[in-house]
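Structure record follows, encoded as C-alpha cells.
The values are calculated or read from the model by the stated rules, or taken from the named source; none is laboratory data. Small disclaimer: the values here were computed from a predicted structure and weren't measured. Ideal geometry is used to build each Cβ from the backbone, glycine not excepted, and the neighbour counts take in all protein chains shown.
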Amino acid sequence: MKVGILGATGYTGQELVRLLQQHPEVQIAFLGSSSSAGATYEEMFPQFTGKQLGKLEDEQVPDVEVLFCALPHGLTAARTAEWLKRGIKVIDLGADFRLKDPEVYHMWYKLEHPAPELIPEAVYGIPELYRKEIRGKSLVANPGCFPTASILGLAPLLKKNFLALNSIIIDAKSGVSGAGRGASLRTHFSEVNENFKAYGVAEHRHTPEIEQQLSLAAGHSFKVSFTPHLVPMIRGILATIYAQVEDGISESTLRACWEEAYQEEEFVHILPEGIWPQTKFALGSNHVFLQLKLDERTGRVIIVSVIDNLVKGAAGQAIQNMNLVLGLPENMGLEGRGLWP
C-alpha cells in the first residue's frame, strides 16, 4: 500500500520514515517538504543511504492510500477535504483535529479553524481507548505527546470515578526533540545543556486536549493543572501525576483498574511494585510504562507514565492508527523494544 508523508524532514517525519522501513505492507511513495524539494532523502539524511527513498517533492500530494501530515497547525486542515474526496485516508500528527470545539482551538492556537465542518469526522487516535472508533476511519487526529502519556495514566481511573476531579496535577518533562527541528533560542544547545526549566506554565496548548479527553473519561467536564518542563536530553517524556483519591479507594484497587484496562494491550506495561518508569525503557519504541503509589498520609495517588515522545507520542502511534484504519495487525512494524543503554 502506498503511503505519503508531508513534513518528511522534521523529527517526526524522519521517525515515520525509520519506522515505516520496518513495515512489510507499505511502500513510501511520497515524501513532501516545501523547504527541501528536489533533494534526495538520502542526501538530507545519510542514515537512510541505500534505501532508495527518492527525492523530496513539493506539497502536491499524489495518489496514495494513506497520508501522514506532520505539519504546523492550520496547514493540514485547510487541505484535508480535498484529500478525503480523493479517497486518501489522513492521519494528522498536528493539532488541527484533536479539539472538538473550534472555539477552543481558536482560543489556544490563535487561529480560526480552517475546516470546522470536518471536526466531527475525525476520531481521536489513542488506540487503547478508541480502537473500535478508529477502525476504517478516513480522518484520525493523532494525539499530542504530553496528552498521550497523561491520558493513558489517568483515563481508566477516571472512568471508575476513583479520583477527585479538579485535584489532578500533571508535572511532565520532555526531551528537546519535542520542540521540533526548527532552530530557536529556547532549544539552543547552550540554553538547554546542563539546564532544566518549566515552560508554557498554565498556557501550554496541550492543556485543552488533556482536559477534553479526561473529561470524556470521567463523564464530567473539569480542569487540570499541567506544567511541562524541558530536560537536557533528546527523547522521552516522563509525566508525574498527582490526584486525590476518593474515600475507600486503595492502592490495590487502583492497580487492579489499570490491569483490567490494559491486560490485552501490547504497548502498555504496568510495572511491578517498586519499579519506577525511566525514559530509557521506552527509547525508540512504541511502548508505555506505568507505575503508581498511593500516599496513605495525604490520600493522593502518584502516577508515573513514560513514553518516547517521537514514537508513541507521535510517529509510532500514527502507524498504530494506520494499521487500524487499514485493517492490518495493530503491532505491524512496531514490534521493536527500547534501546538500552
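Are there any pairs, at least 6 apart or on different chains, whose C-beta atoms fall under 6 Å, with the first in the range 225-248 and under 16 Å from Ser167 (Cα atoms) and the second of a type in the set (D, E, K, R) and surrounded by fewer than 22 Cβ atoms within 10 Å (Cβ to Cβ), and if so, which?
Thr227/Asp171; Thr240/Asp171; Tyr242/Arg300; Gln244/Arg300
Here's a check for you: in the range 284-300, which residue that is in contact (Cβ under 8 Å) with a residue 40 or more places away in the chain and among the hydrophobic types (A, V, I, L, M, F, W, C) is surrounded by the most Cβ atoms within 10 Å (Cβ to Cβ)?
So the residue we want is Val288.
Kindly indicate which of Ile303, Ile275, Ile270 is assigned by TED's automatic domain parsing to the domain that holds Thr253, β-branched (Val, Ile, Thr) and surrounded by fewer than 16 Cβ atoms within 10 Å (Cβ to Cβ).
Ile275
Would you point out which residue out of Ile168, Ile134, Ile126 is among the hydrophobic types (A, V, I, L, M, F, W, C), more than 23 Å from Gly327 (Cβ to Cβ) and at pLDDT 95 or above?
Ile168 is the lone residue from the list that is among the hydrophobic types (A, V, I, L, M, F, W, C), more than 23 Å from Gly327 (Cβ to Cβ) and at pLDDT 95 or above.
Scanning the range 28-46 for residues that are assigned to a helix (DSSP H, G or I) and in contact with a Lys or Arg (Cβ under 8 Å, 6 or more places away or on another chain), which turns out surrounded by the most Cβ atoms within 10 Å (Cβ to Cβ)?
Only one residue tops the list, namely Tyr41.
What number of residues within the range 13-45 are in contact with a helix residue (DSSP H, G or I) (Cβ under 7 Å, 6 or more places away or on another chain) and among the aromatic types (Phe, Trp, Tyr)?
2
Which one is surrounded by the fewest Cβ atoms within 10 Å (Cβ to Cβ), of the residues in the range 317-341 that are at negative phi, among the small types (Gly, Ala, Ser) and out of contact with any helix residue (DSSP H, G or I) (no Cβ under 6 Å at 6 or more places or on another chain)?
Gly336
What tally of residues in the range 43-60 results from selecting those that are within 24 Å of the chain's Cα centre (by Cα) and either closer than 25 Å to Glu112 by Cβ or of a type in the set (D, E, K, R) (or both)?
So the count comes out to 1.
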